[in-house]
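Scroll down for the structure; my scribbles are underneath it.
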Amino acid sequence: MKSLPPKPLLYEINTAVWLQELSLKTGKSITLNTVPEEEWNRLQGSGFHLIWLMGVWKRSPLGTQIALQNPQLVQEFKQVLKDYSPSDTIGSPYCVQDYKVDERFGGTEGILKARKELHDRGMSLILDFVPNHVAPDHPWTQDHPEYFIQGTEKDLRQNPDAYIRIGKSIFARGKDPNFPAWQDVVQLNACHPGLRQATIQTLIEIGQICDGVRVDMAMLMLNSIFPRTWSHHHIAPPDKDYWEEILPAVKEVHPHFFFMAEAYWDTEPELLAQGFDACYDKRLYDFIKGRAPKQIRTQLAKPVHYQTHLVRFIENHDEMRAVMAFPSGQWKLAAIMTATTPGIFMLHEGQMEGRSIRLPVFLGRRPEENPSEEVLAFYKKLLVLLNRPELSGHFEALPTSHPVMCGWQWHGEEQSLLIWANPTKRFARLKHDNLPQHSPIWAEGYKTRENQSGNDLFLPFGFAIWEVH
């Protein structure tokens, strides 16, 4: 993959929905082979560097049947799509039957065409990889049952929601340690040497058709987590951690392949140390959503080299839509705080149009929503801001004893950008000696008010950006 700029932009697209809507718009059956030129040009024109086509792999028919038999899931589908029918359920993109591009989307030929279109426009292609589990009808369940966590007749009898019989074998259903088992997938054994070699080979093959992968729930495979999740199976972890074995082997064949980890539970430093190029920064998301300025300041004060490997976001397919998660205009502040701090800034398709309905990943279409002119205008302005040369300069988190304010500055060669933000519901004031005397170039929820102490006033959820010469 080509080297990334100092402030990369990542765009997540729900492939199935994107192609379905392009088909409706053009009146033709659109696959990755036939995406109109103007659509690729639109992505280039927005300034994106990484395009994540989420959900291209072959989905499991058996997993889809399991989903359709889940009353809670079906009820959720009906709430999202008022005219829902079972044909709208195409299965979870994280219930992978095989790492082959689904023929519905254009197959291998289609993904190679998409990659070329992106490369021709200076963009790179990211796909998914799911290390923790596969679909119950994945070929490995028949050919290599030893790759999985296996159970007994007693396990199946006592806990049928956590185990499943496939052929002559009983497999554990996939899970993480904090939630019940996922019903539509089976659990791989991160400690099995054969599984590790098969994973390496799978990723090498994936590396022939894309530039990198977003690794689903990457921390579940760590020696510090996996044996505890499956402690009742008495699994002894090998000396070498999972990713320490996988990533170098893949990069021997594809030296510039990009690995991005979906990561939680403060495992980001461990995953980066084991070779990941980038990790989700869910902490900053949670701190902004929780209106926690002290924790935000702590996160932004971490070494800049570390922060440049973080993926910052206020929306993706797992989270609520930003306008709902950050109501009353707080989404503007949240976007500024994630976009103008170090690291990769991730945008989710529909975010810039102000979509409010989170779509379950099982569905192949979504409800119509009218674009928000306010949200469109905001993101248009933000994308212009992100092209400023100062954001390629030196980042500095500004120390402050102020109880609610957060500040940071980008030092460019000729001038700097200074940003102060109030992520709380409280009114906040900063003294003039903390602020330039001229007006900010962009401000939301910020006003100047003369009073006896001559302080500037920041309203709740406010921010202001100044040019400093």
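Since every read-out is calculated from the coordinates, none of them should be taken as a lab result. Not measured: the values here are computed from a predicted model. Glycine also receives a Cβ, built like all others from the backbone with ideal geometry; neighbour counts cover every protein chain displayed.
At a glance:
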{"quantity": "Rounded tilt (10° steps) of 373-385 against the dominant C-alpha axis of the chain", "calculated": "80"}
{"quantity": "Under 5 Å, built H, 5+ apart or other chain: amide partners of I170", "calculated": "G151"}
{"quantity": "Amide hydrogen neighbours beyond the local backbone of H348, cut-off 5 Å, H modeled", "calculated": "E12"}
{"quantity": "Relative packing of 48-54, 404-410, which averages over residues the other C-beta atoms within 10 Å, highest first", "calculated": "48-54, 404-410"}
{"quantity": "Spherically averaged projected area of the chain from its Cα convex hull (nm²)", "calculated": "23.6"}
{"quantity": "Total formal charge among the other residues, if their Cβ is under 10 angstrom from that of C406, Lys/Arg +1 and Asp/Glu -1", "calculated": "+2"}
{"quantity": "Segments 349-358, 319-328 sorted - mean Cβ within 10 Å per residue, highest first", "calculated": "349-358, 319-328"}
{"quantity": "Whole-number percent relative contact order across the range 303-423, with pairs defined as alpha carbons under 8 Å at least 6 apart", "calculated": "21"}
{"quantity": "Cβ charges +1 (Lys, Arg) and -1 (Asp, Glu), total dipole of the chain, debye", "calculated": "1000"}
{"quantity": "Net charge dipole size for the range 213-310 [Lys, Arg +1 and Asp, Glu -1 on Cβ; Debye, nearest 20]", "calculated": "620"}
{"quantity": "Entries in K332/K425; K7/K425; K175/K282 that, when Cα-Cα distance is taken, lie over 25 Å", "calculated": "K7/K425"}
{"quantity": "Whole-number percent relative contact order across the chain, with pairs defined as alpha carbons under 8 Å at least 6 apart", "calculated": "14"}
{"quantity": "Linear extension gain, K28 paired with E244, 0.36 nm per residue minus alpha-carbon span", "calculated": "73.2 nm"}
{"quantity": "Burial ranking of peptide ranges 17-23, 302-308, 133-139 (average Cβ count within 10 Å, highest at the top)", "calculated": "133-139, 17-23, 302-308"}
